[in-house]
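Heads up: the structure comes next, in structure tokens.
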Amino acid sequence: VQLQACGGGLVQAGGSLRLSCAGSGRTFSSYSIGWFRQAPGKEREFVAAITWSGDNTYVADSVKGRFTISRDNAKNTVYLQMDSLKPEDTAVYYCAAKNPYGGSYYYTSGYAYWGQGTQVTVSS
């Protein structure tokens, strides 16, 4: 499966952005999808994930109550709605398809396919 993330940009603190992760192939709907982010000089960290059916979601404590993950399998797309953005949310955001045979939702090692990143910059 191939993934393409988009929707990043420059926004003021308190603003909102919606990221999209578009997948190719008929198998996209069978993959759980995660969002990670990486700030300069820092490791890539988990942000949110959603199971293939959309029945379950997982969200990092640092963004809980501000970010929402959802998916539309008919459009082969997963969304990350980001509200009340803070300067510390500035990073390159990546979407990834989880390894269906195991691994944690919370670590990069649990994901088999990655899209290119999209830059999110939040100004104070």
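The values are calculated or read from the model by the stated rules, or taken from the named source; none is laboratory data. Since the structure is predicted, the reported quantities are computational estimates derived from the model, not experimental observations. The area values use the complete protein model at the heavy-atom level, side chains included, leaving out ligands, DNA and RNA. Shrake-Rupley method; radii C 1.70, N 1.55, O 1.52, S 1.80 Å.
What is the distance in Å between the Cα centres of the stretch 85-124 and the stretch 5-30?
Each part reduced to its Cα centre gives a spacing of 11 Å.
Can you list the HN-Hα couplings for the stretch 16-29, worked out from phi with the Karplus curve (6.51, -1.76, 1.60; θ = phi - 60°), rounded to whole Hz and with x for Gly and Pro?
9, 9, 10, 8, 10, 10, 9, x, 9, x, 6, 8, 3, 5
For residue 113 and residue 27 in the same chain, what is the full-extension length gain: residue separation times 0.36 nm, less their Cα-Cα distance, in nm?
29.7 nm
So what are the chain's ellipsoid semi-axes, whole angstrom, largest first, if each one is the square root of 5 times an eigenvalue of the alpha-carbon gyration tensor? Please report the intermediate quantities before stating the final value.
Working: eigenvalues 102, 42, 34 Å².
The equivalent ellipsoid of the chain has semi-axes of 23, 15, 13 Å.
Using a 1.4 angstrom probe, figure out how much accessible area the chain has per residue, in square angstrom, rounded to the nearest whole. Intermediate values should be presented prior to the final figure.
Working: 6450 Å² over 124 residues.
Heavy-atom SASA per residue in the chain reads 52 Å².
Using a probe of 1.4 angstrom, how much of the accessible area of the stretch 1-101 is carbon and sulfur, in percent? Please report the intermediate quantities before stating the final value.
Details: 2320 of 5160 Å².
Whole-percent figure for carbon plus sulfur exposure: 45.
When the Kirkwood hydrodynamic radius is evaluated over all pairs of different C-alpha atoms of the stretch 1-59, what value in angstrom, to one decimal, is obtained? Mind showing how you got there, number by number?
Working: mean 1/r = 0.0754 Å⁻¹.
Hydrodynamic radius (Kirkwood, Cα pairs) of the stretch 1-59 is 13.3 Å.
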